[in-house]
Structures are given as C-alpha cells and as structure tokens.
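Encoded as structure tokens, the structure appears first; notes follow it.
Just so it is clear, none of the values below were taken in a lab; they were calculated from the coordinates. Keep in mind the model is a prediction, meaning the values are calculated, not measured. Here the Cβ positions follow ideal geometry from the backbone for every residue, glycine too, while neighbour counts run over all protein chains shown.
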Amino acid sequence: SLANARCYILLLLYSLLALAEREQKFRLFVFIPPDNACNNKHLDLVFIIDSSRSVRPYDFEKVKEFILTILHFLYISSDITRVGLIQYGSTVKNEFSLKTFRRKHDVERAVRRMMHLATGTMTGLAIQYAVNIAFSESEGARPLNKNVPRIIMIVTDGRPQDPVAEVAAKARNSGILIFAIGVGRVDMNTLKSIGSEPHEEHVFLVANFSQIETLTTVFQNKLCVPHMCSIAEHGCDHFCINTPGSYVCKCKQGYILNSDQRTCSTQDLCAVEKHACEQICVNTPGSYVCQCYDGYELDEDGKKCIVVDYCVLEHGCQHECVAADDSYYCRCHQGFILNPDKKTCRRPDYCALQDHGCQQECVSTDDSYVCRCRHGFTLNPDKRTCKSKSCKHICRSVDHGCEHACANTDDSYVCKCHEGYILREDGKTCRNKDVCKSVAHGCEHICVNKEDSYICRCRDGFVLREDGKTCRSKDPCKSTEHDCEHICVNNNSSYICKCHEGFMLEENGKTCRCKSPCLNLCTHLSVLLDQSPEISIPFRTKSGVASCTEGPIDLVFVIDGSKSLGEDNFEIVKTFVTGILDSLLISPKAARVGLLQYSTQVRTEFTLRQFSTAKEMKKAVSKMKYMGKGSMTGLALKQMFERSFTQAEGARPFSTRVPRVSIVVTDGRAQDEVSEWANKAKQNGITIYAIGIGKAIEEELLEIASDPPDKNLFYAEDLSTMEEISEKLKTRICEVPGKKLLHVTEDCSMGTLKTYLISFALNCSCLNFNHCRYRP
C-alpha cells in the first residue's frame with residue numbers, strides 16, 4: 001500500500017510537471033503580456049498591412065490576430081497611445097486614422113471587421129500615404145515638437161510592384177521609426193530598404209503567417225522600452241532616432257552628420273548627386289539649385305538654360321550687338337550705317353539720305369556733306385547755290401536738265417514745273433499734284449494721292465478687297481436685306497442664315513421651323529383656356545433664346561492631371577472646360593464656377609468667388625499647368641466636399657437653394673478610396689457628373705456619379721468624343737434639381753383637356769425659351 005501511494009504521488013507530480021511544461025510552451029508561443037506593460041507609453045503607431053492576392057484568407061486572419069495581440073499590451077487613449085491602420089493592395093485603404101478611436105475596445109472591433117482586398121502589392125504607395133496623410137496633424141498625429149515617437153509596423157509577404165526605397169528613406173528621415181516584418185519568400189534586401197537601422201532591431205523575417213505570433217514578445221519589449229529621445233537631452237541638430245536603450249542622431253536629406261555625432265552640416269550635393277544642371281550647380285541647405293551663365297535664364301524644368309541675351313553667342317556684328325526678346329540685331333557706331341548684310345557697317349551717303357539743298361552737286365564727307373558746283377560755276381556764300389563765272393543767261397549756256405522750265409536767277413538757275421505739277425526732290429523733274437485726277441485709277445470708292453502715285457480706300461463700313469480697287473461691306477448682315485427669320489451670320493463677303501436652338505433651317509435657307517410640335521403652343525392655349533387663371537409657359541421667339549443656364553448655379557470642376565492622361569489630352573480637357581463655360585451666364589448672381597486639378601496632390605486653380613466673368617475664367621484655364629504625376633481621386637473629392645463648396649470659397653448658403661454641381665473628369669483607376677467622399681458630397685446635396693476617359697474603371701465611376709447613372713455618368717474611349725459629351729452635359733446641367741424653367745398655376749376645374757395641354761407643354765423639347773402669358 002505504501003508502494004502504491006508512492007507510485008500515485010510520483011504519477012501526480014509527473015502529470016503536473018507535464019502540464020506545467022505544456023503551459024510554459026503555450027505561453028512562449030502566444031505570449032499575452034499584462035495590461036499594464038505600456039501604461040504610460042506615448043506613441044503614434046500606424047499598422048500597414050499587405051492585403052494582396054498572395055495573402056490567403058486564413059493568413060489574413062492570422063495577421064489580424066497578431067495586431068490584436070500587440071494591442072493587448074498598449075494603453076490606448078488620446079493622451080497615451082494612438083493607433084491607426086492602413087491596408088493596401090493595388091490601392092490604399094485607410095481603415096481608421098490616429099484620431100478615429102479613443103478606446104481599445106473600438107480599435108479591436110475595427111480590426112476584426114477589416115475585409116481582405118485581394119489585389120496587387122503597392123507597398124511604396126502605402127508608405128507614401130502614411131507619410132503624407134496618416135501622420136498629419138489633421139489625421140491625429142501629435143506635433144513633432146511634442147517628441148511623441150512615430151512608428152510604422154508594416155507586414156508584407158511579397159515583392160512590391162512599385163519603388164519603396166526612396167519613399168521609405170523619406171519616412172525615416174522625417175523621424176518615423178519603421179519595423180518591417182516579412183513573411184515567406186520576401187526579399188531581405190527589400191525589407192532592409194524599408195526598415196530602420198540597425199536592421200537586426202527593426203527588420204524581421206518569418207517562414208509563414210503562423211509564426212508571426214512568435215514576434216509578440218519581441219515587439220512588447222521594443223514598443224514598451226523607454227524612448228530615450230523623449231526623455232533625454234539628446235542634442236541632435238535635426239532628428240533623434242530611438243534605438244534599444246539608447247538613440248542616434250540623423251540629419252535631413254542633403255546634410256551629413258559631423259564627427260560629434262549630433263550636429264549637421266550641408267552636404268555638397270552638386271558633387272555627390274547627378275544634378276543634371278546644364279551649366280552651373282549651386283548648393284543650398286539640404287538641396288541644390290541650377291543656375292545659368294550671363295545671357296541665359298533657367299528653363300521651367302529647373303535644369304536646362306535658355307538664351308535670353310543672344311549677344312553672348314557668336315553674333316558677327318562688326319560694331320555693336322543689341323539683344324532683343326528672342327534674337328538680336330547689329331548696330332553701328334555714330335557716323336556709320338548698317339550694310340545690307342545686317343552685320344557690317346559703312347560710312348553713310350549723306351547726300352542720298354537727306355534733302356541736301358545743293359543746287360548742282362552734293363559730295364559726301366566722313367560725317368556730313370558739302371555742295372559743289374560744275375565747271376564754269378562758283379559756289380555762293382550760302383554754300384548751296386552756284387553762279388556762273390561768265391554768262392547772265394545761264395539756262396541757255398548750260399545743260400540744265402529741267403523737265404518743264406528753266407528759270408534764270410541772279411547768278412544761277414532753278415527748274416520749275418507747269419501749273420498742276422510740282423518739282424520732284426531731284427530738283428529737275430516734275431510730277432502731277434493730283435495723280436488721282438490725271439490717271440484712270442479704277443478705285444471703287446475713294447482715290448487718295450500718295451507722293452507721285454495713289455492708293456484706293458473704302459468708305460466707313462467697308463474694307464478693301466485683295467485687288468486693291470474694289471470694296472466689300474464689313475457687315476453684310478447690316479448692309480443688305482438678308483431676310484433671315486432668326487439669325488444672320490457674316491461669312492467673308494456674304495452671309496448665311498441660322499436658327500435658334502430647337503429649330504432647323506428650311507430649304508429656302510431663310511426661314512426656320514421647330515424640331516418638335518411646340519411652336520405656337522401659347523396661341524392654342526389662349527383660345528382654349530379663356531377662363532383660366534394666369535399661366536406662364538415658355539416658348540420660342542424670333543428675338544432670341546432664353547437658356548436654363550441663365551439661372552443661378554455653383555459649379556466646381558475636378559480635373560484629372562495624372563501622368564497617364566498626357567499633356568496633349570490635358571489640353572483637350574481644358575478645351576472641354578472652356579466649352580462648358582461658354583454655355584453659362586457667369587456672374588456673382590448667376591453661375592459661379594471653381595476648378596480643382598489633382599494628381600498626387602490637389603491644387604485649387606480658382607475658387608467659386610475668384611472670378612465673375614467667363615473671360616477671366618477661360619484665361620485662367622488656358623494658363624493652367626499640367627501636374628503629371630499620380631491619381632489621388634479620393635483626396636480631390638475630399639477637398640471638393642470640405643472646402644470648394646464653403647461660403648469662404650464663394651458657395652452660396654444652402655438656404656438660397658442654389659444648385660451645387662461638380663463635374664469630375666478622370667482617365668484611370670484612383671490610387672486611393674473614392675466612395676467615402678463621393679457619398680458624403682452626394683448626401684449633402686452636391687450633384688456629381690462623372691466623365692471617364694480611356695482606361696477609367698466603370699465601378700469607380702459608378703461610385704462617383706450621382707443617381708441615376710444613365711444621366712450622370714459619361715464614358716469615352718478617347719478624347720475625340722469630348723465635344724459630344726459637352727453638349728449632353730449642357731443639357732444635364734439644366735435638369736439639376738433646384739433649376740426651374742417655369743411656374744404654372746391652374747384651377748383644377750379647368751377640365752381634362754386643359755390639363756392635357758399643359759402636360760403636353762411641360763414635356764415639350766422646345767420649352768427652353770422666353771415666356772408668354774395669357775390673362776382672361
């Protein structure tokens with residue numbers, strides 16, 4: 001019995017030891033630290049989770065369990081630890097930001113509800129999103145001067161489909177600590193290009209997702225260890241980076257760490273980087289700029305140099321070179337004139353350049369001229385006229401060369417002309433004073449004398465034809481009886497007739513007829529509704545067309561400026577915008593228009609309050625510069641909703657019931673989430689028209705456009721159909737809720753016939769015009 005008792009006790013002890021061993025192994029495998037492990041640890045922590053196709057649903061759940069385990073030992077509140085979560089595939093999805101939740105329970109519930117994306121692997125895009133948005137103060141990140149550690153914990157299982165090294169370096173240089181966790185066949189060099197240094201403390205690789213939980217204890221120690229940067233006087237000039245139990249100083253890009261391991265000095269980036277400056281590279285703090293030699297200026301790309309002073313080139317000017325806007329010209333020193341080659345100079349022939357007044361001969365000198373007399377004559381004291389040495393009747397004694405008459409003077413002669421003629425500059429020959437009267441000029445309207453010739457001119461309201469003789473009217477529509485029923489349009493030297501919108505030209509080319517049976521509708525109603533109260537019905541008139549676009553509307557364009565669109569197509573989109581503007585009556589009381597362009601970022605080209613005329617807006621559109629980078633459509637919709645339709649930017653209050661409309665033009669898949677901000681805009685009364693071009697995604701366009709999609713969604717395989725879409729949009733804008741074309745009041749006792757006629761009128765396509773009124 002004693003032996004049995006001993007055996008029983010030994011067996012019991014063995015069982016307890018085995019149980020303890022199993023418990024101990026279990027604890028090592030799924031370590032759950034106590035709740036107070038990081039009670040006072042101030043952190044801004046953002047998880048970035050790979051949600052690509054290669055991550056199986058079972059493995060995705062393992063990642064969620066890993067996150068929940070990490071959350072277990074963090075004290076989550078607005079004052080202690082803040083947590084955000086991003087998952088990514090081909091696009092980035094922000095599950096929740098640092099400011100979203102203040103209780104651990106809410107964070108854990110959001111993690112459990114996270115859905116698998118199962119698309120591509122755009123790791124670099126996800127890190128870029130974290131740097132630009134997730135760690136912004138507007139999304140809940142605490143200011144850098146608070147020294148709250150910023151940490152990214154990224155989990156990935158595959159090779160990125162975009163560049164990551166540069167964007168990860170940018171994140172680290174901004175003071176963000178990055179833990180990179182690779183699962184499976186991840187390239188270790190890729191992980192090292194993402195994670196912070198030293199790599200053995202921040203880069204981890206496990207064989208599969210089941211082993212990821214073995215890192216729990218490691219991260220508890222790393223996250224909960226005191227961050228020396230926040231508690232020590234580190235003295236770092238730029239950035240302090242925490243390391244286990246210590247810290248290291250780092251410098252901003254373009255600087256290098258000095259030997260004291262704390263301060264930073266400017267790096268000679270011109271020497272170490274491929275700056276691509278065409279002429280001169282100049283270092284600046286943390287960067288460099290390109291400069292040009294004298295006579296050149298920097299091109300828009302900031303690299304190449306363009307000539308502004310062409311005289312610095314080989315100009316070939318003999319005397320002086322003078323720079324012009326886009327060229328140069330040669331100039332001579334005083335006392336010289338330019339030769340026909342436009343390069344060399346010569347002494348001028350002063351006798352030929354001016355009315356020298358010499359009676360007989362003129363002789364040029366270096367800087368002037370002198371008069372000289374022919375043989376047998378001497379120069380008078382006036383240094384211009386000549387007198388004969390021997391004969392009083394000079395006209396008879398010399399070959400004077402006068403065309404009409406020679407007249408003797410005291411000691412010389414002068415040439416004179418017959419009546420109606422004047423002496424030419426040569427002092428010899430004569431020309432008619434009135435050339436127009438002396439020749440058959442052939443001018444249709446007016447002949448004007450010009451020196452010894454003439455030119456033809458036309459009366460006011462006419463212009464000279466190419467033959468230089470006949471004239472045509474500047475405005476044939478005003479100068480002739482054109483008989484156009486609606487509109488007369490000048491066409492070179494003639495005119496053509498056109499009709500108002502909704503009408504077509506008859507075969508006679510003069511009169512117009514309505515495309516639908518609504519013409520003269522008011523006439524019929526005035527006969528039948530003789531006892532009706534006042535009725536206001538729109539109809540066509542010969543005097544003009546009143547368009548629904550004359551009403552008030554707040555319209556904001558959201559234009560895709562991504563790289564995939566291309567500069568040529570971007571110009572076509574600008575033409576499309578200009579066409580829409582032409583259809584609107586732009587004024588502070590009618591249509592107000594704003595425009596956003598987006599790429600990786602969003603740029604406000606002009607707000608609703610900025611311009612009050614279509615001319616100003618079209619000028620701003622023509623000067624709009626193409627951004628040419630990524631495609632953050634969701635970010636653009638966010639700015640449109642949160643800022644563009646505010647009263648501060650010119651939108652009218654909701655109480656005025658002015659329609660709010662946005663036209664979104666995109667040519668490809670967005671790199672962020674669009675549905676959230678599109679839905680918010682639509683729920684707040686903004687009507688969105690979505691225009692997809694080329695490789696635009698239909699599902700994404702449906703998320704953007706207002707209902708019904710058959711009226712508010714447009715798609716074009718290329719930009720050649722933009723004009724057709726423009727015409728449809730002009731009609732759609734007229735139908736926006738809140739824009740009323742007419743008001744009809746009637747007594748219900750008028751009868752079925754009256755009701756039918758009014759219903760017929762309201763559905764007629766010719767009703768976008770002025771109103772006629774019938775009174776009993």
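Along the charge dipole of segment 350-432, pointing to its positive end and built from +1/-1 on Cβ of Lys, Arg, Asp and Glu, which listed residue (LEU379, TYR421, CYS395) has its Cα farthest out?
The residue sitting farthest along the positive end of the dipole is CYS395.
Please rank HIS105, HIS486, fewest neighbouring Cβ atoms within 10 Å first, as an exposure proxy.
HIS105, HIS486
Out of residues 5 or more away from TYR715 or on other chains, whose amide H comes under 5 Å of its own, with H placed 1.01 Å from N in the peptide plane?
Long-range HN contacts for TYR715: GLY692.
Separation between the ARG465 and ILE496 pseudo-spin-labels, each 7 Å from Cα along Cα→Cβ, expressed in nm?
2.2 nm
Only four residue types carry charge here, +1 at the Cβ of Lys and Arg and -1 at the Cβ of Asp and Glu. Report the dipole size of segment 350-432 about the Cα centre in Debye, rounded to the nearest 20.
Charge dipole, segment 350-432, about its Cα centre: 340 debye, nearest 20.
I'd like the Karplus ³J(HN,Hα) series for segment 44-49: coefficients 6.51, -1.76, 1.60, θ = phi - 60°, whole numbers in Hz, and an x wherever there's a Gly or Pro.
Each residue's phi maps through the Karplus curve to give 10, 10, 10, 7, 10, 10 Hz.
Taking θ as phi - 60°, what are the ³J(HN,Hα) couplings along segment 463-480 by the Karplus curve (6.51, -1.76, 1.60), each to the nearest whole Hz, with x for Gly and Pro?
Computed from phi, the couplings for segment 463-480 are 10, 6, 6, 5, 6, x, 10, 8, 10, 10, 6, 5, 10, x, 5, 8, 8, 10 Hz.
Using unit Cβ charges (K, R positive; D, E negative) and no other charged atoms, how large, in debye to the nearest 20, is the dipole of segment 628-740 about its Cα centre?
For this selection, approximately 740 debye.
Pop the C-beta distance of HIS105 and ARG185 into the FRET formula with R0 = 41 Å and round what comes out to the nearest 0.05.
For HIS105 and ARG185, the calculated efficiency is 0.65.
Hey, fewest Cβ within 10 Å first, where do LYS563, LYS93 land in order?
LYS563, LYS93
Work from the charge dipole of segment 597-663 (Cβ charges, +1 for Lys and Arg, -1 for Asp and Glu, about the Cα centre) and give the residue of GLN597, SER622, GLN639 farthest towards its positive end.
Of the listed residues, the answer is SER622.
Just subtract the alpha-carbon distance of SER78 and MET504 from 0.36 nm times their residue separation and send over the number in nm, one decimal.
146.5 nm
Along the charge dipole of segment 29-225, Cβ charges K/R +1 and D/E -1, which of ILE67, VAL164, HIS202 sits furthest on the positive end?
With unit charges placed on the Cβ atoms, the residue in question is ILE67.
Just want the ordering: HIS393, HIS375, HIS315, from fewest to most Cβ atoms lying within 10 Å of their own Cβ.
Going from sparsest to densest Cβ surroundings: HIS375, HIS393, HIS315.
Along Cα→Cβ, 7 Å out, is where each label goes; now give me the distance between the ones at GLU717 and GLU567 in nm to one decimal.
If labels sit at GLU717 and GLU567, their model points lie 2.8 nm apart.
Can you pick out the pairs among LYS450/LYS615; LYS192/LYS680; LYS304/LYS574 whose Cα atoms lie more than 32 Å from each other?
LYS450/LYS615; LYS192/LYS680
So which GluC sites (Glu not before Pro) in segment 355-454 end up in coil per DSSP with only 12 or fewer other C-beta atoms within 10 Å?
Taking segment 355-454 and a limit of 12 other Cβ atoms within 10 Å, the loop GluC sites (Glu not before Pro) found are GLU419, GLU425, GLU451.
Multiply the residue gap between ARG347 and THR378 by 0.36 nm, knock off their C-alpha separation, and tell me the result in nm, one decimal place.
8.4 nm
Taking the Cα centre of segment 466-507 as origin and charging only Cβ (+1 Lys, Arg; -1 Asp, Glu), how large is the dipole, in debye to the nearest 20?
Around 320 debye, computed over segment 466-507.
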